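The values are calculated or read from the model by the stated rules, or taken from the named source; none is laboratory data. Since the structure is predicted, the reported quantities are computational estimates derived from the model, not experimental observations. No Cβ is skipped: glycine too gets one built from the backbone with ideal geometry, and neighbour counts run over all protein chains shown. These accessible areas exclude ligands, DNA and RNA; they are computed on the full protein's heavy atoms, side chains included. Shrake-Rupley method; radii C 1.70, N 1.55, O 1.52, S 1.80 Å.
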Amino acid sequence: ADTWASFVAMTDEDTGLPADSLGMDGTRSVQTSTTNIGAYLWSTVVARRLRLISEDELEQRIGRTLTTLERMERHAPSGQFYNWYDINTGAKLTVWPPSGAPLTPILSSVDNGWLATGLRVVRGYSRELAPRAGALYDSMDFGFYYRPAVNRILFHYAPDTGDAPCCYDTIVSESRIASYIGIANGQLPQRHYFGAWRTFPDSCDWSWQETRPVGFTRTYFGVSVFEGSYPYAGMRVVPGWGGSAFEALMPALFVPEEKWGRKSWGRNHPNTVQAQIHHGMTEAQYGYWGFSPANNPHGGYREYGVDAVGLNPDGYTSNNDNTRVDNGFSGCPNRTTTSNPPPPAYTHGVVTPHAAFLGLRWDREAVLDNLQRLREDFDVYSDWGFADSVDVQDGTVSQFYLSLDQGIIMAALGNELANDVLRRAFSGPDLTDLVRPVIAVEEFSATEP
């Protein structure tokens, strides 16, 4: 109820668009993203399912948002929305409101994926709103981002400049949601799922990566895949780029990855949660855990994660002082293993509650204990739920609530308390017929939890 109250406070009453951030004083940001809008849509469904709002209020709130989406400017050839809009008018932003700097509008594959997720959830949940949400969902072409030569999707495309940086290339990434939707819609080939790396190869040409991987090679749907993983804390984990909870676990709020892929995500998701716990409680000895991109309690926004289960050798770190590990790459020049930092080296660790909530399905007791201790030890909870983050060394608490992170919390709670309401609303024969087979066939080299 408190987390939902933050959405009520951050959403414009006329447009139905949620602000990107809400200050402790109630000030809303001018900007919102497509991801934020998707998070508001699925959070409203959770609020209704948990009887925090009536059916009439659900229809009024989401209907208002759909009306705005129906008139918002987007890219006509693809039906994709731009990344940033003004919450007060729904206008596409060409100037960044916080700074006044010029902003080049882009079409983001992953952000449009999260908007499409919200629309699909509404379509699957509300009979009254399904036609309008479904029409918007059906108009979005995710095949627009596909680059067959590399079997991957673009990060984004800028219509004004033609800039099209390529491509999402790791499977442990939130971009999976755009891939799932594109495959389910028949806009991406099933083999696309195997175009991304699990880890980079075990060779000196790739020795810059965080850790030397272990694994084996398999072929699925005609694509050869190196099933690499990183040893960590007595486990083997398939890493994301930065080692954050968000990258690994957010798509599973909507897709039953661990059930469909018992030998892949069924292994990796619990291990990812245990890696988060091990880092916070043992490796860094913060006494708390949960690391994912969030508002920096000392100002700005930055990426946080468990460095050792990220492919990127330069982070993400779990603390503002950027304490990193370097596991080296034995047998390759200039990549000898160095000793891991001792716990006292991890100063100014930053914990974000939404990262802990993402582990709720896999270690309920540890998550609830962690959140309870955060509430008891820091001024991190209010009538709008959890603040976005806290520096667990000096106790500085973020002065903001971010709509995406509040949406993650709402999704995790909705699934926990209402029998997987979002997974059920998101489901459909297109997913089971086209997405489930590609997930089901794969075996990661991650260890059994």
Give me the pairs, please: first residue somewhere in segment 22-39 and over 15 Å from Gly90 (Cβ atoms), second residue anywhere and open to solvent by 10 Å² or more (accessible area, probe 1.4 Å) and basic (Lys, Arg), beta-carbon distance under 7 Å, and either six or more positions apart or on two chains. Leu22/Arg28
Please find, among Leu66, Leu22, Leu58, the residue that is closer than 23 Å to Leu413 by Cβ, of a type outside the set (Phe, Trp, Tyr), in a helix (DSSP H, G or I) and under 25 Å from the mean Cα position of the chain (by Cα). Leu58
Given the conditions (1) part of a strand (DSSP E or B); (2) over 24 Å from the mean Cα position of the chain (by Cα); (3) crowded, with 17+ Cβ neighbours inside 10 Å, every one holds for Thr217 apart from (3)
Residue list for segment 333-362, filter: assigned to a loop (DSSP other than H, G, I, E, B) and either closer than 20 Å to Arg373 by Cα or at pLDDT 95 or above (or both): Pro341, Pro342, Tyr346, Thr347, His348, Thr352, Leu358, Gly359, Leu360, Arg361, Trp362
What is the residue count in segment 286-315 for residues that are among the polar types (S, T, N, Q), surrounded by fewer than 24 Cβ atoms within 10 Å (Cβ to Cβ) and part of a loop (DSSP other than H, G, I, E, B)? 2
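I need a count of the residues in segment 263-285 that are part of a loop (DSSP other than H, G, I, E, B) and within 15 Å of Pro341 (Cβ to Cβ).
Residues in segment 263-285 being part of a loop (DSSP other than H, G, I, E, B) and within 15 Å of Pro341 (Cβ to Cβ): 2 in total.
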Can you tell me which residue within segment 365-389, out of those that are over 17 Å from Ile277 (Cβ atoms) and under 21 Å from the mean Cα position of the chain (by Cα), is surrounded by the most Cβ atoms within 10 Å (Cβ to Cβ)? Ser389
Between residues in segment 130-152 that are open to solvent by less than 10 Å² (accessible area, probe 1.4 Å) and residues that are hydroxyl-bearing (Ser, Thr, Tyr) and modelled with pLDDT of 95 or more, which pairs lie under 6 Å by C-beta distance while being six or more apart or on different chains? Tyr145/Ser109
Can you find, within segment 96-106, the residue that is nearest to Val45 (Cα to Cα) among those that are out of contact with any Pro (no Cβ under 8 Å at 6 or more places or on another chain) and surrounded by fewer than 15 Cβ atoms within 10 Å (Cβ to Cβ)? Pro98
If you go through segment 69-95 one residue at a time, how many are out of contact with any helix residue (DSSP H, G or I) (no Cβ under 9 Å at 6 or more places or on another chain), buried (at least 16 other Cβ atoms within 10 Å of the Cβ) and not in a strand (DSSP E or B)? 2
Candidate set: segment 149-183, residues that are among the β-branched types (Val, Ile, Thr) and not in a helix (DSSP H, G or I); chosen: the one farthest from the chain's Cα centre (by Cα): Thr161
Scanning segment 316-332 residue by residue, those closer than 28 Å to Asp20 by Cβ and either assigned to a loop (DSSP other than H, G, I, E, B) or open to solvent by 20 Å² or more (accessible area, probe 1.4 Å) (or both) turn out to be Tyr316, Thr317, Ser318, Asn320, Asp321, Asn322
Take segment 399-444 and flag every residue that is of a type in the set (A, V, I, L, M, F, W, C), closer than 28 Å to Ala387 by Cβ and part of a loop (DSSP other than H, G, I, E, B). Ala418
